[in-house]
Amino acid sequence: MKKIIQSILLSFIVIPTFAQETPFLNDDEIRMLINELSGDRSFEHVRVLTQWHRNSGMEGYFKAADYVVEEAKKAGLVDVKFIEQPLGGPNYTAKSAELWMTEPVEIKLADIGDHALMLSDGSHDADVTAELVWAGTGSKADLEGLDVAGKIVLVNASPGAAVNNAVYAKGALGVVCYTSSESKNQMDFPDQLAWTRISMNVPDGKEGTFAFNLSPRKGEQLRKVLETNGMQDIFATGKKTKGGKIVLKAKVDTEIGEAPGRTGFVEGWIRGSKYHDQQIMITAHLQEEQGSANDDGSGCGNLLEIARTLNKLIEEGKIERPLRDIRFWWTDEIYSEYRYFRDYPEEPSKMLANLHQDMVGAKQSIGSRTQHLIYSPHSITTYLDALFESVGQFVIETNNPFITAGRMGGLPRPHSRPIYATRGTREGFGARFVPFFNASDNLNFIEGAIGVPAVGLINWDDYYIHSSDDDLWQIDATQLQRNAFIITSMAYYLGKAEEDQTNLLISETYAQGNKRLANDLQAAFHQIESQQDQALAYKNASIIIEQGLLRESRALISVTDVVGNSDNVLKKVAIVNERLRTKKAILQNDIDDYYKFKNNTKRTPKIALSKAEELASKKVVKNNPVLDEYFGKRRGGVSGVQIHSTMRMEVFNFVDGKRSYYDIYKAVLAESLAAGTWYYGTVTLDAVVKLLDANVASGALMLMN
Ligand SMILES: [Zn+2]
């Protein structure tokens, strides 16, 4: 530590100069956005939203949407409206529900006035008093030989199995369950209420049923009372009673409408001054369980704050009105976009990019959570990833402690350019960039048939998601503000970028591409290092390099989406593209040499196609041109096909009417190997062929030849 102290003293003679930390914003712009954006304001929106149990189509969902409509108007957005969409099932809202133990002692076990998750969604009306019996997990095996008719069953599992096996098959009246959300160990979160649901559909001739949902602690206590034959006071009521028998009284009042019901999403705009077919789409999702402070109250609150900030800065004349439209969507997650694109297939072509936030408010010291910054997948790697990385990296570097930065005089500790909310923490920004995964609304935009590049912010792992613990106590206004800064910076830059940004966008995309190519090279080396079959290793390595260069070429051309395609722009793109061609030969030489070193040989193997590969290279596919039919007919689950869901999506995304099955396989294989099989699993030609064939058969895809 001595050395550090010495250099701190020396540092007083160093005059701090701040180079541009991200070339996409100048120093004044960074200061301006940090000054105006308020994680505290976002937090207040989250606070309001958390009160409603707001899954799709529920009364709470519409109340949340009404709130967002009003606040979006106050934030200065124009043409704010709720865009109604059909809901597959009926609208559902639980009005009241109570569960009491009446014997051996009176205890109120559940009341949805305390928390909505105490009743499983989909429950029907009830007013019953009955004995409680332990039924394990509610599986058929656990119910064998058990008389549950006229009783309520207690299960340590999600309630679905018990509803079918105990209620509808064996005449039980209802279910009390205790479980965990997202397959967590219940012992880690004994007081957490998981978000559970049962099917609203009732088999013919049966009456609808209900399920109450308790914390693991309460569930275990009930089980113990059932198992104890002597005197007990397991619930600590102050009254000793005989165990072994429990009688419950359940009262449930719900409203179930007719199917199809209604849902929808909220839209608002900042109208641009020049371009109206290059919209910047800023999204978050509105539906989820009561609470849902982080997932995705955080994103919804940030959208309102981003809208307010940009509009205030425009009004004050601190920034120009953007040239492009900025369009805000608070969605019914994933569903809203698919439905909207199918209903308005001409709309995606008016969208330039999607900036998505889902879970952007984690107090990271609680639950060891990391903010993931998610790139677009390889099928749509563009300039957007370069912009995202530059701005995101800036926030990561200036909001985490580094000894070297701290040694310079004049800088505050621990962070060199902190973004702190007034009521937030001073914790670091635990964030990292990760390859694409398909878990939230950004997935809609990167669909091959939609073609809009998208980046997303999602924190993970999250011990509180989809449970009663996703509430205000684990939200940090500071992290809200940092994530809002990243999205606002990008929207602000994209809002004004024109041909004058050509050099910057090309150079940053090219430089970032070189990082991706370095990663490709490493992955190619690892093939040669690790594969038994060296001919296969060499082939895979060559595919990784070939596909990497194709990806970078596409990324480079994507710059024209922002800066246009004047002769001047195209000339520059062509020059850099030529550089990529040279690079390909160099990278191929690298793997050739490595292969030769490893195998102690002077030659590399000739790459030959197997019979299956040859067949696959003769089939070229395109999407069904009618978007509604394409999505309607697409089949994800195909028997015999084992493939990671994100890679399955990429198989579809690479379909373009020019690529053969084999080309698509190569592209997805290269992407999976570049990230690692631990991330995306294994991709086989067989899986790709079967998946594509099944979708040709369904009519989602069409063969070109
Ligand atoms: Zn979410």
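The values are calculated or read from the model by the stated rules, or taken from the named source; none is laboratory data. Quick caveat: nothing in here was measured; it's all calculated off a predicted structure. Virtual Cβ from ideal backbone geometry, glycine too; neighbours counted across all protein chains shown. Only protein heavy atoms, including side chains, enter the accessible area calculation; ligands, DNA and RNA are left aside. Shrake-Rupley method; radii C 1.70, N 1.55, O 1.52, S 1.80 Å.
Observations on the structure shown:
- Strands (runs of 3 or more DSSP E) completely within the range 310-378 that count 1 or more residues being open to solvent by 10 Å² or more (accessible area, probe 1.4 Å): 351-358, 370-374
- Residue that is nearest to Arg554 (Cα to Cα), among those in the range 430-474 that are of a type in the set (S, T, N, Q) and open to solvent by 10 Å² or more (accessible area, probe 1.4 Å): Asn438
- Residue count for the range 274-304, restricted to those that are in a helix (DSSP H, G or I) and closer than 18 Å to Arg369 by Cβ: 9
- Taking each residue of the range 423-434 that is of a type in the set (Asp, Glu) and looking for partners that are in a loop (DSSP other than H, G, I, E, B) and at pLDDT 95 or above with beta-carbon atoms closer than 6 Å, six or more apart or interchain, yields Glu427/Gln364; Glu427/Ser365.
- Condition met for Val46 (β-branched (Val, Ile, Thr), touching a strand residue (DSSP E or B) at 6+ places or on another chain (Cβ under 8 Å), in a strand (DSSP E or B) and assigned by TED's automatic domain parsing to the domain that holds Ile280): no
- Lone unmet requirement of (1) modelled with pLDDT of 95 or more; (2) open to solvent by 50 Å² or more (accessible area, probe 1.4 Å); (3) not in a helix (DSSP H, G or I) for Val621: (2)
- Residue, least open to solvent (accessible area, probe 1.4 Å), within the range 589-605, restricted to residues that are more than 24 Å from Leu685 (Cα to Cα) and not in a helix (DSSP H, G or I): Thr601
- Tally, over the range 641-677, of residues that are part of a helix (DSSP H, G or I) and charged (D, E, K, R): 5
- Of the residues making up the range 430-461, those that are outside any strand (DSSP E or B) and either more than 13 Å from the ligand (Cβ to nearest atom) or at pLDDT 95 or above (or both) number 19.
- In the range 386-408, the residues that are in a loop (DSSP other than H, G, I, E, B) and open to solvent by less than 10 Å² (accessible area, probe 1.4 Å): Asn399
- Every condition in (1) farther than 16 Å from Ser390 by Cβ; (2) within 16 Å of the ligand (Cβ to nearest atom) is met by Glu499 except one, and the failing one is (2).
- Wholly enclosed strands (runs of 3 or more DSSP E) of the range 54-162 bearing at least 3 residues in contact (Cβ under 8 Å) with a residue 40 or more places away in the chain, in the same structural domain as Gly238 (by TED's automatic domain parsing) and not charged (D, E, K, R): 92-103, 107-111, 126-134
- Every test in (1) in the same structural domain as Gln479 (by TED's automatic domain parsing); (2) touching a Ser or Thr at 6+ places or on another chain (Cβ under 8 Å); (3) more than 16 Å from the ligand (Cβ to nearest atom) is passed by Lys318 save one, and that test is (2).
- Scanning the range 99-130 for residues that are open to solvent by 70 Å² or more (accessible area, probe 1.4 Å) and either of a type in the set (D, E, K, R) or modelled with pLDDT under 95 (or both) turns up Glu103, Glu106, Lys108, Asp114, Asp125, Asp127.
- Every residue from the range 183-215 that is in contact with a Phe, Trp or Tyr (Cβ under 6 Å, 6 or more places away or on another chain) and in contact (Cβ under 8 Å) with a residue 60 or more places away in the chain: Leu214
- The set of residues in the range 168-188 being of a type in the set (Ser, Thr, Tyr), over 13 Å from Asp462 (Cβ atoms) and either assigned to a helix (DSSP H, G or I) or open to solvent by 60 Å² or more (accessible area, probe 1.4 Å) (or both) consists of Tyr168 alone.
- Comparison of Ile486, Ile545 shows that the only residue that is over 30 Å from Asp325 (Cβ atoms), open to solvent by less than 10 Å² (accessible area, probe 1.4 Å) and either part of a helix (DSSP H, G or I) or at pLDDT 95 or above (or both) is Ile545.
- Among the residues of the range 271-313, the ones that are aliphatic (A, V, I, L, M), within 21 Å of Phe82 (Cα to Cα) and within 16 Å of the ligand (Cβ to nearest atom) come to 4 in all.
- Filter result for Ala608 (free of Cβ contacts under 8 Å to residues at least 12 places away in the same chain, within 19 Å of Leu536 (Cβ to Cβ), open to solvent by 20 Å² or more (accessible area, probe 1.4 Å) and aliphatic (A, V, I, L, M)): yes
- Yes/no for Leu480 being within 16 Å of the ligand (Cβ to nearest atom) and touching a residue at least 40 places away in the same chain (Cβ under 8 Å): yes
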